[in-house]
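This report concerns only the one structure given below.
The values are calculated or read from the model by the stated rules, or taken from the named source; none is laboratory data. The structure displayed is predicted, hence computed values, not measured ones. As a convention, Cβ positions derive from the backbone with ideal geometry for all residues, glycine included, and neighbour counts pool all protein chains shown.
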Amino acid sequence: MSAKGPVITVTLNPALDKTVTLDSFEYGGLNRIREMRTDPGGKGINVAKVLRQFAVSTRALGLAAGYQGQVIRDRLQRLDIPSRFKQAEGETRVNLKIVDESTKRTTELNEPGFQVDAGILDDFLTAFREEAANASFVVLAGSLPPGAPPQFYRTLIEAARQSGVRTILDADGKALAYGIEAAPYAIKPNIHELEALLGTGLNSRESIVRGARSLTDRGIEYVLVSMGAEGSLLVTKEDVVAARPFPITPVSTVGAGDSMVAAMVYGFLQGQAAEEIARWTSAAGTVTASKPGTEVCTLEEVRQSLHLVHLAREQSGQAYQGG
């Protein structure tokens, strides 16, 4: 594996994120927009945006369609993020995010995305193999577009492995269930996605750890479970590190999980131990959750927040409390 190559992010169902801000959202009534912005979106693109903030060489891959797809390419170019998106038929989706200033809550309305067929997926797989050959890591994130087989992430993980490249998978449902069959290096489910994957409720820290450990037994090295305000758990075969975030006023959770994925990749590239990865991922997700719309954390903001994250670590049955 080349440690010097870029981090490849894959976004197969990208979106143009349209964020509108209202003084107060009137359900069923007339709403006048105070502010509006559009950003390139989709989980893999969000990861690339954070990695760019962290001064990590990154390259965004994926599929795109229509006018909105070209807007995403143009916006990525403005953000100085190299990209390679295969052109699909149809139109790239628009995801509407409504920010209610009075409650500080964000409501999301996400379109399903364009339809794909075997031909465009084969074209993408060929391009992916070329790009992965020079990558340091590959991040596969977000939903698959309509028409894509649920096993497609598994195919990409296997292709990356043939080039000796480690993968991080952030998906849900069948895409996650099939993807873990190829044993990616790391995954980042939220607690609800983990429960759905395992087919059982996880009502205690012990049950979450057991569930995550069952995945490390299948060859996944890192399982990062995000639990919103409850923090996160980083589970490996040797370690369990719980991170409790510092208090914030949550403004928008859009991109918070993607920021955690980016911070995890950054930690891998820096050779961080599990404790530091847990600290960085918690800080990154928390900072992004405190920002409006689709804005993401910066490296300096995360660094300044690291000391605020509380860690609790267990190893070989011994509990360790760390500030």
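How many residues does the range 162-180 contain that are among the basic types (Lys, Arg) and crowded, with 18+ Cβ neighbours inside 10 Å?
1
Checking the condition within 28 Å of PRO150 (Cβ to Cβ) and either loosely packed, with under 14 Cβ neighbours inside 10 Å or at pLDDT below 95 (or both), which residue from GLU101, GLU111 passes?
Exactly one residue qualifies, and that residue is GLU111.
Condition check: free of Cβ contacts under 8 Å to residues at least 24 places away in the same chain and farther than 15 Å from ASN110 by Cα. Does ARG37 satisfy that?
The answer is no for ARG37.
Pick out the one residue from VAL10, VAL56, VAL71, VAL47 that is part of a helix (DSSP H, G or I) and crowded, with 18+ Cβ neighbours inside 10 Å.
Residue meeting the stated conditions: VAL47.
I'd like to verify a number: residues in the range 13-52 that are within 13 Å of the chain's Cα centre (by Cα) and aliphatic (A, V, I, L, M), how many?
5
For THR126, are the conditions met, namely being touching a strand residue (DSSP E or B) at 6+ places or on another chain (Cβ under 6 Å), among the hydroxyl-bearing types (Ser, Thr, Tyr) and at negative phi?
no
Yes or no, residue by residue, for (1) surrounded by fewer than 19 Cβ atoms within 10 Å (Cβ to Cβ); (2) touching a strand residue (DSSP E or B) at 6+ places or on another chain (Cβ under 7 Å); (3) modelled with pLDDT of 95 or more; (4) not hydroxyl-bearing (Ser, Thr, Tyr):
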| position | (1), (2), (3), (4) |
| --- | --- |
| ALA182 | no, no, yes, yes |
| TYR185 | no, yes, yes, no |
| THR216 | yes, yes, yes, no |
| GLU221 | yes, yes, yes, yes |
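Which members of the range 242-262 meet the condition of being under 11 Å from ALA229 (Cα atoms) and among the aliphatic types (A, V, I, L, M)?
Within the range 242-262, ALA243, ILE248 qualify.
Of all residues being touching a strand residue (DSSP E or B) at 6+ places or on another chain (Cβ under 6 Å) and small (Gly, Ala, Ser) in the range 223-246, which is nearest to ASP258 (Cα to Cα)? Just the residue, please.
Among those residues, the one meeting the criterion is SER226.
For the range 50-70, how many residues meet the condition of being within 24 Å of ALA284 (Cα to Cα), out of contact with any Gly (no Cβ under 8 Å at 6 or more places or on another chain) and not aliphatic (A, V, I, L, M)?
So the answer is 5.
Which of the residues spanning the range 53-91 are touching an Asp or Glu at 6+ places or on another chain (Cβ under 8 Å), closer than 18 Å to LYS43 by Cα and of a type outside the set (D, E, K, R)?
Of everything in the range 53-91, those that are touching an Asp or Glu at 6+ places or on another chain (Cβ under 8 Å), closer than 18 Å to LYS43 by Cα and of a type outside the set (D, E, K, R) turn out to be LEU61, ALA65, GLN68, GLY69.
Looking at GLY179, GLY211, GLY201 in this structure, which one is within 28 Å of GLN162 (Cα to Cα) and either out of contact with any Lys or Arg (no Cβ under 8 Å at 6 or more places or on another chain) or touching a residue at least 12 places away in the same chain (Cβ under 8 Å) (or both)?
None of the others qualify; the one that does is GLY179.
Could you check the range 17-44 and list, in sequence order, the residues that are buried (at least 23 other Cβ atoms within 10 Å of the Cβ) and outside any loop (DSSP other than H, G, I, E, B)?
Matches in the range 17-44: ASP17, THR19, ASP39, PRO40, GLY41, LYS43, GLY44.
Mind telling me which of the residues VAL287, VAL296 ends up being under 17 Å from SER232 (Cα atoms), among the β-branched types (Val, Ile, Thr) and under 19 Å from the mean Cα position of the chain (by Cα)?
VAL287
Identify the residue in the range 86-117 that is touching a Pro at 6+ places or on another chain (Cβ under 9 Å) and not in a loop (DSSP other than H, G, I, E, B) and, among all such residues, is farthest from PHE25 (Cα to Cα).
ALA88
May I ask you to list pairs of residues, at least six apart or on different chains, whose Cβ atoms are under 9 Å apart, with the first in the range 68-80 being within 13 Å of THR58 (Cβ to Cβ) and free of Cβ contacts under 8 Å to residues at least 40 places away in the same chain and the second being surrounded by 14 or more Cβ atoms within 10 Å (Cβ to Cβ) and hydroxyl-bearing (Ser, Thr, Tyr)?
Qualifying pairs under 9 Å: LEU76/SER83.
Before we move on, is ILE208 of a type in the set (Val, Ile, Thr) and either in a helix (DSSP H, G or I) or closer than 25 Å to LYS291 by Cα (or both)?
Yes: the conditions hold for ILE208.
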